[in-house]
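Here's the structure, in structure tokens; my notes come after.
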Amino acid sequence: MSVSNNVLAEAAAISSKSNLRILAVIAGLLVLFVAVPLGASDYWLSSIIIPTLVMGLAGISLNLLMGYAGLVSLGSAAFMSIGAFSAYNLILRAPFLPLPVVLLVSGLVAAAAGVVFGLPALRIKGFYLGASTLGAQFFFEWVFSNFTWFSNDSQSLTISAPRLAFLGWDLQSPAGRYLLAISVTTALIGLAFLIVKSRLGREWMAIRDMDTAASVIGIRIARRKLQAYAISSFFLGVTGVLWGFAYLGTSDAHTFNLDKSFQVLFIVLIGGTATIFGNFLGAAFIVLTPILLDRIVLAANLSFLGDQGALTNLQRVIFGVIIILILIKEPDGLAALIRRATTAIGKWKRGAT
């Protein structure tokens, strides 16, 4: 009888936790889709929230490859540029396509490129693989800078965001662009969770931990590695569309340069590898640090740091220091730090009671 009561109690506890999680998700979605667009100012939406969302999504894209599959890429921005230029040309040359289809096809084009440039992963690892992925970065930056067809023969080689609309809804306003960004981000977060929890995600982690043992138990290493590059590049392609259209409005090949690839890498390192929501912590750091530095310079009247070049160098120094400290003190990033702090607070509360 006592065993039966224990089983029922455990089932009730699990059900209660599940209900709380569902309520938390619903509350979070209401905040993101209702409260934020109604309550946030245009400045917050355009300059802080949208870039944080998009860069966090870029971090998820790379984290699927690095954190879960254990592979390397230093050319993330190249696949973002493929997505942006693909979407621009699809909307320009096939205006009948709805926006979701444009996003999907742009991601698939980037995924195809990711498979091609992921082929070296079948032969090499580590630093050499990272160096080889730089080829994608330089190649596509050169292509989009020298072939004017991709920018509709524009003399400036720039692409401008077309009128964004879906089912008659105008998405040109800051709130509309935010809703586009949060809708796509939410969908891809859900897809990322499904992938990580699936057989594919488990096999990626087995390859990451020990690819020789993974091969022995029957995992197809080559196929899974190419799938990792394809899926990561798909996410990056969609992210590039959001960065070019929902945030910047106007972009060119140099918008997606090597600095942008390293920013995405910093997001993963700062937020934490093999995590989903930690990427948004890293993205918030990347987005908010320059704004914070500007405010400090203005408040403290630091004229010797007033020029933009000095601020940029200071920002890079801070990035480097933070990354070094995180790698030394908390290799799993800010997400693990917050998780440990939450666990410690919970233990302290239980001890106090």
Figure the gain on full extension for Asp209 and Thr289 (residue separation times 0.36 nm, minus the Cα-Cα span) and round it to one decimal in nm.
-> 25.4 nm
Signed unit charges on C-beta, dipole axis of the chain, positive-most listed residue Ser46, Leu288, Phe144 = Leu288
Sequence-separation-based contact order of the chain, relative, with Cα cut under 8 Å and 6+ spacing, percent = 29
Place a +1 charge on the Cβ of each Lys and Arg in the chain and a -1 charge on the Cβ of each Asp and Glu, then give the dipole magnitude about the Cα centre in debye, rounded to the nearest 20.
-> 1180
Rounded to the nearest Å, the spacing of the alpha-carbon centers of region 106-153 and region 334-351 is 41
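How large is the Kirkwood hydrodynamic radius of region 13-134, counting all unique pairs of alpha carbons, in Å?
Roughly 17.6 Å, rounded to one decimal.
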Across the chain, where is the longest run that never hits chymotrypsin sites (Phe, Trp or Tyr not before Pro) in a DSSP loop with at most 15 other C-beta atoms within 10 Å?
-> 148-276
Using +1 on the beta carbon of Lys and Arg, -1 on that of Asp and Glu, and nothing else charged, what's the dipole of region 91-203 about the Cα centre, debye to 20?
-> 420
Of the accessible area of the chain, computed with a 1.4 Å probe and all protein chains kept, carbon and sulfur make up a percent value of 68
Please report, in debye to the nearest 20, how large the charge dipole of region 156-263 is about its Cα centre when each Lys and Arg carries +1 at its beta carbon and each Asp and Glu carries -1 there.
-> 420
Just round it to a whole percent: the fraction of Cα-Cα distances in region 108-204 exceeding 24 Å.
-> 53
Given Ala222, Leu327, Gly346, which one lies farthest toward the positive end of the charge dipole of the chain, if we put +1 on the Cβ of every Lys and Arg and -1 on the Cβ of every Asp and Glu?
-> Gly346
Express in whole angstrom the spacing between the alpha-carbon centres of region 29-51 and region 177-219.
-> 28
Specify the angular offset, from 0 to 90 degrees and rounded to the nearest 10, of the alpha carbon long axis of helix 99-118 from the longest principal axis of the alpha carbons in the chain.
-> 90
Between Val31 and Arg163, what length comes free when the chain is fully extended (0.36 nm per residue of separation minus the Cα-Cα distance, one decimal in nm)?
-> 44.9 nm
Choose one of Ser261, Leu129, Ser106: the residue whose Cα lies farthest towards the positive end of the charge dipole of the chain (beta-carbon charges +1 Lys, Arg; -1 Asp, Glu; about the Cα centre).
-> Leu129
Probe 1.4 Å, protein heavy atoms only - accessible area per residue of the chain in square angstrom | 52
Pull up the cross-link candidates among the lysines for Lys347, meaning alpha carbon to alpha carbon under 26 Å and not fewer than 8 places away within one chain.
-> Lys17, Lys329
Contact order normalised by residue count of region 193-294, Cα under 8 Å, 6+ apart, percent = 13
Please report, in whole Å, how far the alpha carbons of region 125-268 spread along each principal axis, starting with the longest.
-> 53, 35, 26
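The values are calculated or read from the model by the stated rules, or taken from the named source; none is laboratory data. In this text the structure is predicted, and so the values were computed from the model without any measurement. We place every Cβ from the backbone using ideal geometry, glycine too, and count neighbours over all the protein chains shown. Please note that ligands, DNA and RNA were not included when accessible areas were found on the heavy atoms of the full protein model with its side chains. Shrake-Rupley method; radii C 1.70, N 1.55, O 1.52, S 1.80 Å.
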